[in-house]
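We did not get these values from a lab; they are worked out from the coordinates using the rules stated. Since the model is a prediction, treat every value here as computed from it, not as a measurement. Using ideal geometry, Cβ is built from the backbone for each residue, glycine included, and neighbour counts are taken over all protein chains shown.
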Amino acid sequence: MPRSQGNKANSSGNTLEATIESTLVGKGFMPMKYREWEKNKKKYGAKLILKNVPFYTIYEHSGYTEFLLKDDTDNHDIRIECKWQQVSGSVDEKFPYLYLNCIEAMKEKDIILVIDGDGYKDGAIKWLKDAVKSRVYQKYDCEKNIRVFNLKEFIIWANTQF
């Protein structure tokens, strides 16, 4: 039975997330569900990849990002959001919403957006990178370090960072 386009998109997105998780596990981070960690934070190690991490969106609803990288050895948290678009669709149309959530709703100072696939509309990724680079969010009086990577750039970052 042929898979739907939505099913294929979810599978491709899951592959991106699994690659990111595998990269970080290779750097000594232990993966676990955020809810499990939340129950007993002191029980777990200093280098964690928390999965399915909640936040309260700009629309005042519950939202989730794929990962929160916790490195207690240097008291550092990095939220990681993943977006994969293999064929044309609507993921790139949500970039302004994603960007505003990064600057207004996500509490972490450091945020990485891993954006990959060949299905994005012309100009979509450029818009997101330009928005981050322009630091328009400074008007929100917040100090954020938002980075936009493709998968290759993320792996290079992880290799040099850890």
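Using a Förster distance of 30 angstrom, determine the FRET efficiency expected from the C-beta separation of Phe162 and Asp118, and round it to 0.05. Between Phe162 and Asp118 the formula returns 0.60.
Which option, (1) 1.20; (2) 1.05; (3) 1.81, is the value of Cα Rg over 2.2 N^0.38 Å that was calculated from these coordinates? Checking each listed value against the structure points to (2).
Within the chain, the longest segment free of exposed loop sites, counting trypsin sites (Lys or Arg not before Pro) that fall outside DSSP classes H, G, I, E and B and have at most 15 other Cβ atoms within 10 Å, spans 28-106. Taking amide H atoms as placed 1.01 Å from N in the peptide plane, the amide H of His76 lies under 5 Å from those of Asp71, each 5 or more residues away in sequence or on another chain. In the chain, the calculated helix contribution to ellipticity at 222 nm averages -10500 deg cm²/dmol per residue, counting -39,500 (n - 2.57) for every DSSP H run with n ≥ 4. What's the longest uninterrupted piece of the chain once you rule out the GluC sites (Glu not before Pro) that are loop residues per DSSP with at most 11 other Cβ within 10 Å? With a cap of 11 other Cβ atoms within 10 Å, the longest stretch comes to 61-142. Pairs of Cα atoms nearer than 8 Å and 6+ residues apart set the relative contact order; for the chain it is 20 percent.
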